[in-house]
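Trainee: Input: one structure, supplied below.
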Amino acid sequence: MIIVLKPKTKQEDIERIEGMVKERGGQPQVVVGSEMTVIGIIGDTTKIDPRSLEVDEVVERVMKVSEPYKKANRAFHPDDSIIDVSGVKVGGDHLAVIAGPCSIESEEQVIEIARAAKAAGANMLRGGAFKPRTSPYAFQGMGSSGLDILYKAGKEVGMPIVSELMSADHLEEFDEKVDLIQIGARNMQNFDLLKQLGKTKRPILLKRGLSATFEEWIMSAEYIMAAGNPNVILCERGIRTFESYTRNTLDLQAIPVVKKLTHLPIIIDPSHAGGKWWLVEPMARAAVAAGADGLMIEVHNNPEKALCDGPQSLKPEKFEAVIKQVRDIARVIGKEI
Ligand code: PEP
Ligand code: MN
């Protein structure tokens, strides 16, 4: 961080600002020029808020030179992180394929989809038991009984399970049963919930908020990591733009950007991005070509009757066709399902 002081700042004010920086854990380096004085801050700047320095009357402006996230930062951890989800590796040259219904609806439904998804090449099973719905009148998910169904299906077909946690009240239950705990877009900045995730060592799938910048999203990962859980996988699921034809706009640039800024794996959810089943295949192909570490795709055996997100769900046969293509593309860029 660099603090530029106003011209002709007095020595006592320079020393006062230096003192403030030291108090907050930084190491100030003062450079006095003929016109201007600048103070470079090295060391730990995590507790220094540039805006609180900028309110001082002798400060002209403050410039950040390093990112506010440390644990997630590629600069301090140059190698890609590979996250182990109960034996399935995410990151590096592995391609994770998470498939399953938006919501768990019944045991028969989940088992049928789980078997078909596994046969088609999926290596993790998803299903929502606690659903964040825009309308309070819409199906809210089966809750704990749904989680039990997913748990049983995961064991039966031999796939780790992924499900969304909406409240820390259920953390113990998720810690026990869920291999990869999803934090949905709407909770990406639920900071109390993020802090609680330090209590589990289960990997976390952190979805990008509806309108979150890269820095906001990575800072949310930093919350989880700073709380003591380093196992974070990021998930781009489309962001809100002016376009309303598609449900969201898939930001494929998130893949190279996240890889440049962090060492964390990133997976793409083309289902929630487009909101239409026929957009899933081209976007899944593009995501893998751009270097995504995995895909999360909604699959339903009867999309017309799905209680949630039917229009964006693939039938098992279509899912199989998508995975076939994706497998070939993955191989070209050195990844393997
Ligand atoms: C989901 O994965 O079912 C979901 C609700 O996703 P998002 O938080 O991305 O909307
Ligand atoms: Mn969904």
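No lab work stands behind these numbers, since they all come straight from the coordinates. The structure presented is a predicted model; accordingly, all values stated were derived computationally and were not measured. Please note: Cβ atoms are built from the backbone with ideal geometry, for glycine as well, and neighbour counts cover all protein chains shown.
Trainee: Report the relative contact order of the stretch 83-332, percent, no decimals, based on alpha-carbon pairs under 8 angstrom and at least 6 residues apart. Intermediate results must be reported in sequence, preceding the final value.
Mentor: Working: 543 pairs, mean separation 49.4, N = 250.
For the stretch 83-332, the relative contact order is 20 percent.
Trainee: Which of the lysines could a cross-linker bridge to Lys64, judged by Cα under 22 Å and excluding same-chain residues fewer than eight apart?
Mentor: Answer for Lys64, where 22 Å is the Cα cut-off: Lys6, Lys22, Lys47, Lys259, Lys260, listed by chain and number.
Trainee: Return the unpartnered cysteines for the chain, using a Cβ-Cβ cut-off of under 4.7 Å.
Mentor: Lone cysteines by the Cβ rule: Cys235.
Trainee: Pairing the Cα long axis of helix 214-226 with the longest principal axis of the chain, what angle in degrees results, from 0 to 90 and rounded to the nearest 10?
Mentor: 90 degrees
Trainee: What Kirkwood hydrodynamic radius, in Å, does the chain give when the mean of 1/r is taken over all pairs of distinct Cα atoms and then inverted? List each step's numbers first, then the result.
Mentor: Working: mean 1/r = 0.0468 Å⁻¹.
Averaging 1/r across every pair of different Cα atoms and inverting gives 21.4 Å.
Trainee: For the stretch 186-300, how big is Rg over Rh, using alpha carbon atoms and the Kirkwood form of Rh?
Mentor: On the way: Rg = 13.9 Å, Rh = 14.4 Å.
Computed over Cα atoms, the ratio is 0.97.
Trainee: With springs only between Cα atoms under 10 Å apart, run a GNM on the chain and tell me which of Phe130, Phe214, Phe76 wobbles the most.
Mentor: Among Phe130, Phe214, Phe76, the largest mean-square fluctuation in the Gaussian network model of the chain belongs to Phe76.
Trainee: When the chain is treated as a GNM, springs tying every alpha-carbon pair under 10 Å, which of Lys89, Lys315, Lys155 comes out with the largest mean-square fluctuation?
Mentor: Lys155
Trainee: To continue, here is another question. How many angstrom separate the Cα center of the stretch 1-25 from the Cα center of the stretch 272-335?
Mentor: Centre-to-centre distance over Cα atoms comes out at 54 Å.
Trainee: Express the relative contact order of the stretch 113-206 as a whole percentage, based on alpha carbon pairs under 8 Å and six or more residues apart in sequence. The partial results should precede the final answer.
Mentor: Details: 123 pairs, mean separation 22.8, N = 94.
RCO, the stretch 113-206: 24 percent.
Trainee: Hey, another quick one. If you line up the long axis of helix 107-120 against the longest principal axis of the chain, both from Cα atoms, how many degrees apart are they, to the nearest 10?
Mentor: 80 degrees
Trainee: Just want to confirm a number: the relative contact order over the stretch 1-97, from Cα pairs under 8 angstrom separated by 6+ residues, in percent. Mind dumping the intermediate values first?
Mentor: Details: 127 pairs, mean separation 26.8, N = 97.
Reported as a whole number, the value is 28 percent.
Trainee: I've got another one for you. For helix 316-332, what angle does its Cα long axis make with the longest principal axis of the chain, in degrees from 0 to 90 and rounded to 10?
Mentor: For 316-332 against the chain, the angle is about 50 degrees.
Trainee: Counting only DSSP beta bridges with both residues in the chain, what percent are antiparallel, rounded to the nearest 5? Could the numbers behind the result be given before it?
Mentor: Details: 20 of 47 bridges.
Antiparallel bridges: around 45 percent, rounded to the nearest 5.
Trainee: Just add up the charged neighbours of Met166: K/R +1, D/E -1, any other residue whose Cβ is under 11 Å from the Cβ of Met166.
Mentor: On the way: positive: Lys131, Arg133, Arg186; negative: Glu164, Asp169.
Once positives and negatives cancel, what remains is +1.
Trainee: Which one, Arg61, Arg285, Arg133, has the greatest fluctuation when you compute a Gaussian network model over the chain with C-alpha springs under 10 angstrom?
Mentor: Arg61
Trainee: Let me ask something additional. Using just the helices of the chain, give the 222 nm mean residue ellipticity in deg cm²/dmol: DSSP H runs with n ≥ 4 each add -39,500 (n - 2.57), and the total is spread over all residues, rounded to 500. Let's see the in-between values first.
Mentor: Working: 11 runs with 115 residues, N = 337.
My calculation for the chain gives -10000 deg cm²/dmol from helical runs alone.
Trainee: Okay, next question. List the GluC sites (Glu not before Pro) within the stretch 1-110 that fall in a DSSP loop (any state other than H, G, I, E or B) and whose Cβ has at most 12 other Cβ atoms within 10 Å. Intermediate values should be presented prior to the final figure.
Mentor: Values: sites: Glu12, Glu15, Glu18, Glu23, Glu35, Glu54, Glu57, Glu60, Glu105, Glu107, Glu108; in loops: Glu35, Glu57, Glu105.
Taking the stretch 1-110 and a limit of 12 other Cβ atoms within 10 Å, the loop GluC sites (Glu not before Pro) found are Glu35, Glu57.
Trainee: Moving to a separate point now. Could you tally the net charge around Ala129, taking each other residue with its Cβ under 12 Å from the Cβ of Ala129, Lys/Arg +1 and Asp/Glu -1? Don't skip to the end; give the middle numbers.
Mentor: Working: positive: Arg126, Lys131, Lys177; negative: Glu105, Asp148, Glu164, Glu173.
Computed value for this residue: -1.
Trainee: Report the net charge of residues surrounding Gln253, where surrounding means a beta-carbon distance below 15 angstrom and charges are Lys +1, Arg +1, Asp -1, Glu -1.
Mentor: Details: positive: Arg208, Arg237, Lys259, Lys260; negative: Glu215, Glu236, Asp251.
Around Gln253, the surrounding residues sum to +1.
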